[in-house]
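Asker: The structure that follows is given in the form of structure tokens.
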Amino acid sequence: METKANHWCKAIYETKAADLLLYGRALGLSHTEGEDVLQETFVALLEIEEAPSKPEHYCIRAFRNRALNYKRGLWRRIAREFESLRWFEKEQAQTAEEEEAMKCLATLPSEQREVIVLKIWHQYTFEEIGDMLDVSPNTIAGRYRYGLQKLRVCLVAVKAEEEKHGARQARGWKANWEPAAQMTVE
């Protein structure tokens, strides 16, 4: 029997805890809710003496199941609605482009957002994601493709709006200065 200090899930915790918190955000949890679910997941994993055949997948699946169960509570759901305004917490060094990308990511359906986070940040294959979520790899690839298409459309629209707004400001500046140049001194 392994001691708790050398338990099979220790290495997974050390390498995947931050990724699981991000995955929790993709599933609609706040940062603190994600931390709670992460702790509950690893407490449960510590009870399992023998490592599963695919420990990382098992861990992500366990985290996902606990996250989904956590979200089912009525009061938590209400609190999440208020928190959804700041789905990703800002970092001090965040650029305007990153902020817009996170806003666009937050508008995606949860299935697409979940797959994009697992594919890009966790670097799982479509097959691995399909195994974890009990969905075919083709469905996962479709969710990923459609999610990326929606992100592109959203980001292009944001850029076009910024350029349009910037052009308006430039015209406004020019319009404000032109009459002054046309005035004559009496």
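Asker: Just how far, in whole angstrom, is the range 51-65 from the range 103-135 if you go by their alpha carbon centroids?
Answerer: If you average the Cα positions of each part, the centres end up 16 Å apart.
Asker: Still on this structure, I have one more. Over 22 Å between Cα atoms, which of Lys119/Lys159; Lys103/Lys159; Lys71/Lys159; Lys16/Lys119; Lys54/Lys119; Lys10/Lys54 qualify?
Answerer: On the way: Lys119/Lys159 25 Å; Lys103/Lys159 13 Å; Lys71/Lys159 34 Å; Lys16/Lys119 14 Å; Lys54/Lys119 18 Å; Lys10/Lys54 15 Å.
Over 22 Å apart, Cα to Cα: Lys119/Lys159; Lys71/Lys159.
Asker: Within 14 Å, Cβ to Cβ, of Gln112, how many net charges do the neighbouring residues add up to if Lys/Arg are +1 and Asp/Glu are -1?
Answerer: +4
The numbers here are math on the coordinates, done by the rules we state, and not lab data. These numbers were taken from a predicted model, which means no experiment stands behind them. All Cβ positions, glycine included, derive from the backbone under ideal geometry; neighbour counts span all protein chains shown.
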